[in-house]
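The values are calculated or read from the model by the stated rules, or taken from the named source; none is laboratory data. A quick note: this is a predicted structure, and the numbers were derived from the prediction, not measured. Quick reminder, even Gly has a Cβ in these numbers, built from the backbone with ideal geometry, and neighbours come from all protein chains shown. Only protein heavy atoms, including side chains, enter the accessible area calculation; ligands, DNA and RNA are left aside. Shrake-Rupley method; radii C 1.70, N 1.55, O 1.52, S 1.80 Å.
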Amino acid sequence: MKEFFIVHAGDYVGAYLNTKYPVISYAPQEQFCDFILSLRETFPDCKLRCVVDKSITQKVINNIKITKSLER
């Protein structure tokens, strides 16, 4: 079974799915419940697991930085 790893990343909550092409998603902490419900709807066959993992957190933070730089 596939697992989304949920991490705390600064002011955001992030999700990481380790596949051939990793899926990284994030949302502001205020939208945590909506974010989790959205993941469950979009990926019903995946298990959600909250973890404390520095490497996954760093991947999410890097993705946030890239997205923010593209929005400018």
Folded to 0 to 90 degrees: helix 32-42 orientation relative to the chain principal axis, Cα: 60
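How large a share of the accessible area of the chain, in percent, is made up of carbon and sulfur atoms when the probe is 1.4 Å and the other protein chains stay in place?
Values: 2800 of 5180 Å².
Ligands and nucleic acids excluded, carbon and sulfur reach 54 percent.
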Sites ARG40 and HIS8, calculated FRET efficiency, Cβ-Cβ separation with R0 22 Å, nearest 0.05: 0.70
Bins of 10 Å, starting at 0 and running to the largest distance - Cα pair percent for the chain: 21, 55, 23, 1
Charge dipole (debye, nearest 20) of the chain; +1 at Cβ of Lys and Arg, -1 at Cβ of Asp and Glu: 320
Principal-axis tilt of helix 54-71 within the chain, Cα atoms, nearest 10 degrees: 50
For the chain, accessible area per residue (1.4 Å probe, heavy atoms of protein chains only), Å²: 72
